[in-house]
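In what follows, a single structure is set out as structure tokens and then discussed.
The values are calculated or read from the model by the stated rules, or taken from the named source; none is laboratory data. Because the structure is a prediction, the values reported are computed rather than measured. For neighbour counting, all protein chains shown are included, and Cβ atoms are generated from backbone atoms with ideal geometry for every residue, glycine included. Note: areas computed on protein heavy atoms with side chains; ligands, DNA, RNA excluded. Shrake-Rupley method; radii C 1.70, N 1.55, O 1.52, S 1.80 Å.
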Amino acid sequence: MAPVLLSLFLVCFVSLVLSTILLTGVGRRLRLSARPLGIAGAALSTVASGAIVAALWHPPAGHVRVGEALLFVVTAMVVLLRPRWNPSGQVFFGALLASALSYLAFAGEVTFASGLSILGSAASALLLVLELIALTLSASFAFESLDVICRTRWDRRDVPWDPAYLPMVSLQIAAYNEPPDMLIETIRSVEGLDYPNFELVVIDNNTKDPEVWGPVEDYCRGRPRVRFIHVDPWPGYKSGALNLALTAYTDPNAELVGVIDADYLVDPGYLRRVVGYFSDPRLAFLQTPQDYREYEGDAYLTACYDAYRYFFLTTMPSRNERDSIIFAGTMGLLRRSVLEELGGWDEWCITEDAEASLRMLKAGYSGLFIGRSFGRGIMPLSFASLKSQRFRWCFGGMQILRSHWRELMPWNRDPRNHLSLAQRIDYLLGGLQWLNDLVYLGFTLVLLATAILLATRGWFALRPLIGLAVLLPAALIGSGLLRAIWALRARAGIGMRRAVLAFLNWLSLSWTVALACVQGLTRAKGVFLRTPKAGDRSGVLAAMWTARTETFLALVVWGAGALAVIRGHATWFVLGLFAWQGAVYAAAPYMSWLNQHTELSAQLERRRRSEWRRERLATAGPYAIGALSGAAIGAGIVALILLGGTQAAPPASSPFTVPHAATGQGSSASGGTALPSPSQSPSPTTSPTPTVTPTPTPTPTPTPTATPSVTPSPSPSPETSPSPSAVTSPSSSPVASLTPLPSASVAATGGPAAAPIAGP
């Protein structure tokens, strides 16, 4: 490594450590912000970092100045662009960006200017691409948390609200195989709303058993505000049912449409508190947090609850400042005229709610997030159901990304596209963040390929991390983990134990999200995740069976690490990477085991069984195609690394040879300085990696079938009779060929991955 680059590495390493301590220590409590104060903080951080590097490693003073210059310039730019953050947030984000840039500079130098073989350069270039994506996503996760926790002034806190504006509202519940007592409880809570002018449309689609939907119809019969409709068969799943309700059963006088999940209990003051915001004619949709109940006292359900909350406590408030929130599928309202103008709900997308909000923003309308909870529902009650839900969310995110990516590009000048640059970036990153866990899987494959080379040949010809070069990626990973847990604790107000369990809940869905990304990138139609079930069995073996793929990955990674130790090839950093990578996948069987100790009430047990029935009916064979595609991609990555790393052994003096630990042959870096190193034994490179965060629920779309049998209750008759043509996908929205969805996990660099795209 060039001596200047090494000094830059060290300055960024020290700055990242110092700024992480500052952020997690006083970052939330510091409420001062001003550009001069931020610039002073940037200068102080730069001088302190340079002084520490000079005292510990004694590099040439000129080289330290180069590192200080980069650090100060990057941090000063953050201060100028984010003046509403406090200095601790500005300094941390500046150090994070400077560290990422210096690491990529090192990686680029070795990849393209070190004389590697053609295959070695190709494999290192692939690794560089993975590192670039991982660091970009990590920065986006950090930005969201800092934008909320370190913000000192909010621009959209005083949005106009007219309490006298009380238009008619049509609230709609789409139900499928829901326990009747739970659905009736939801209907009762909606009937108790303190609002003068609303109706409730309950549409049960495709539930076969009359004993399930019949009691709900009986309850709704004769109730003045409630209209019940049962249709079977009916295409389009949830979006198809909502389109039918909108076009055939909604009161023509209703100006606003609200969606409520079938398991929610709604606060009586909900409508009266939020409807007044629609006095602004530009407001097309409004979203309140999805919230949950009946989790208290259970470790597994509490971990799920805390992981779910992160999106609505952090991502949505941040995006609300840029008018780029999503509609999350429940506990939100939409302006009916805008929804009809844009053609209703798109039935090709299994996250039709988030897709509808993007079309509304594109048309020039606005959205608003109100950060107060007005209703609480039921989370997926089994780990298998949680995986299936996250799979659908991620699949829908891929669908939106594949369909709308052209409209999200900064250079798109379509006169019909009114998205601002900030809205484009937020929606683009919202889709790309789902890829976080797929990138993480790529790093796992690289690490396994490296272990194979070390075990069979004792060296590899790819880019290594040598001596002091391990400090910066180690700091990136460590600071990211600390920041993620700190952000969750700061926003949710929870203790360390709960934050760690929520973090593990994110990680446990990493493989599910990665698989959904592969499906989303290779298939045109959505499928459900076929999840292994352990029946009524309990214990460690049953938990491992429920998460058998993740268990296999964890054992393989840890086994490869153990082999590296036995053969004497592993440094402390390499061992840490193997331990971390395996722990991510091991979180899944742990969560499955934790779920075995959940005790449910009789009503929730019926809900759990209905979840199981829905999954059994929905799972389909095409899922295997995506799994095979993922395996093929993985095999290709491993093959490229192996081919790139098994070229003829370079001379012992080559800076890119990882020596056998027993011989200690090899040099630390070409052209490198003789700075003292904490560890003279080199270690293979693996960059910081992300694993995903939390999200809202979608529903897949079938093809239209036979004419439905419609059984409406004797409530007021609809203006139009239901017909399949009334709910076909609107022609105003492009129908893309896309694929699946999944989990709110966490990056190895510490950020919650893929914020949920749609509500559960």
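Please work out which residue is most open to solvent (accessible area, probe 1.4 Å), limiting yourself to region 232-252 and to residues that are closer than 19 Å to GLU191 by Cα and not β-branched (Val, Ile, Thr). If we take residues in region 232-252 being closer than 19 Å to GLU191 by Cα and not β-branched (Val, Ile, Thr), then ASP251 is most open to solvent (accessible area, probe 1.4 Å). Scanning region 325-343 for residues that are surrounded by fewer than 24 Cβ atoms within 10 Å (Cβ to Cβ) and in a loop (DSSP other than H, G, I, E, B) yields LEU342, GLY343. Step by step: first the residues of region 354-388, then only those that are of a type in the set (Phe, Trp, Tyr) and open to solvent by 10 Å² or more (accessible area, probe 1.4 Å), then the one that is farthest from ASP306 (Cα to Cα). Which residue is that? Among them, the one singled out is TYR365. When region 293-319 is filtered for residues that are open to solvent by 10 Å² or more (accessible area, probe 1.4 Å) and of a type outside the set (Lys, Arg), the ones remaining, listed by number, are GLU294, TYR295, GLU296, GLY297, ASP298, ALA299, THR302, TYR305, TYR308, PHE312, LEU313, PRO317. Checking ALA164, ALA262 one by one, the residue that is assigned to a loop (DSSP other than H, G, I, E, B), open to solvent by 10 Å² or more (accessible area, probe 1.4 Å) and hydrophobic (A, V, I, L, M, F, W, C) is ALA164 and no other. Note on region 412-441: residues that are part of a helix (DSSP H, G or I) and either open to solvent by less than 10 Å² (accessible area, probe 1.4 Å) or out of contact with any Cys (no Cβ under 8 Å at 6 or more places or on another chain) (or both) total 19. Taking into account only those residues within region 102-119 that are under 32 Å from the mean Cα position of the chain (by Cα) and free of Cβ contacts under 8 Å to residues at least 40 places away in the same chain, which is farthest from ALA139 (Cα to Cα)? Once the filter is applied, the top-ranked residue is GLY108. Residue count for region 205-230 satisfying the condition of being in a strand (DSSP E or B) and modelled with pLDDT under 95: 1. Do we have VAL148 as closer than 20 Å to SER324 by Cα, in contact with a helix residue (DSSP H, G or I) (Cβ under 8 Å, 6 or more places away or on another chain) and either surrounded by fewer than 21 Cβ atoms within 10 Å (Cβ to Cβ) or at pLDDT 90 or above (or both) here? When the stated conditions are applied, VAL148 passes them.
This table checks each residue for (1) in a helix (DSSP H, G or I); (2) modelled with pLDDT of 85 or more.
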site: VAL557; (1), (2): yes, yes
site: HIS569; (1), (2): no, no
site: PHE573; (1), (2): yes, no
site: VAL584; (1), (2): yes, yes
site: MET591; (1), (2): yes, yes
site: LEU600; (1), (2): no, yes
site: ARG607; (1), (2): yes, no
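Of all the residues in region 168-198, those that are assigned to a strand (DSSP E or B) and open to solvent by 20 Å² or more (accessible area, probe 1.4 Å) number 1.
Restricting attention to region 445-460, the residues being at pLDDT below 70 and either touching a Phe, Trp or Tyr at 6+ places or on another chain (Cβ under 8 Å) or of a type in the set (Gly, Ala, Ser) (or both) number 1. In region 120-147, the residues that are among the polar types (S, T, N, Q) form Cβ pairs under 6 Å with partners that are modelled with pLDDT of 90 or more, at six or more places apart or across chains, as follows: SER140/LEU429; SER145/THR314; SER145/ALA487. Put simply, of THR444, THR450 the only residue that is open to solvent by less than 10 Å² (accessible area, probe 1.4 Å), more than 18 Å from GLU355 (Cα to Cα) and in contact with a strand residue (DSSP E or B) (Cβ under 6 Å, 6 or more places away or on another chain) is THR450. Residue check: is MET409 open to solvent by 10 Å² or more (accessible area, probe 1.4 Å), more than 19 Å from LEU342 (Cα to Cα) and in contact (Cβ under 8 Å) with a residue 12 or more places away in the chain? Yes. Against the conditions (1) under 25 Å from the mean Cα position of the chain (by Cα); (2) over 30 Å from LEU471 (Cβ atoms), THR598 satisfies every one except (1).
Name every residue in region 392-406 that is among the aromatic types (Phe, Trp, Tyr) and either surrounded by fewer than 24 Cβ atoms within 10 Å (Cβ to Cβ) or farther than 10 Å from GLY520 by Cβ (or both), in order of residue number. Within region 392-406, TRP393, TRP405 qualify.
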